Amino acid sequence: MSLADRPLPKPMPETRHYWEGAREGRLVLQSCQACTTAYFPPRPFCPHCGSREVKTFDASGRGRLYSFIINHLPAPGYDGPFIVAAVELEEGPRMMANIVDCPADPAALTIDMPLEVTFERRSDEITVPQFRPVRGDAR
């Protein structure tokens, strides 16, 4: 299946900064000014302390594999097998993403393996952050 067959997320006003950043090749997170916690997914208040004093910032794009599954069944826009992962970002939050540029084989995946963001353009408006193993990683 092609990228054009994959579902497109629907940006909302409170997530617009995230999708605009992704379209520009930036992984944008938010952090709380009151408790200094970085968080994901985007929202207009801190999920830790409730403060509405939040700001956006460009994340490093680096993370580690926290958990994963290998899906062997087809899904809209995806032929099986493909990797769905929880990625723990260097800044602290975790996010779900596909792991690309890596065989969908448990032998190729190690918990805590270093990952880096890459971006999958799905339309003129939507680009989706994905992750791949850091190149040259000596596991």
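The values are calculated or read from the model by the stated rules, or taken from the named source; none is laboratory data. Model, not experiment: these values are computed from the prediction. Positions of Cβ are backbone-derived with ideal geometry, glycine not excepted, and every protein chain shown enters the neighbour counts. Accessible surface areas use protein heavy atoms only, side chains included; no ligands, DNA or RNA. Shrake-Rupley method; radii C 1.70, N 1.55, O 1.52, S 1.80 Å.
Values for this structure:
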quantity	calculated
Cα gyration tensor category, rounded, prolate or oblate, for the chain with a/c compared to 1.5	oblate
Cα→Cβ-extended label distance, 7 Å offset, between E90 and R16, nm	3.0
Rounded Å value of the spacing that divides the Cα centres of region 1-65 and region 88-139	16
Interchain or long-range residues, amide H under 5 Å from L115's placed H	G63, R64, L65, V134
Percent accessible area from carbon and sulfur atoms, region 1-107, protein chains only, probe 1.4 Å	54
Residues whose placed amide H lies under 5 Å from that of A59, excluding near-sequence neighbours	L27, V28, L29
Rg over Rh, two decimals, region 1-63 (C-alpha only, Kirkwood Rh)	1.05
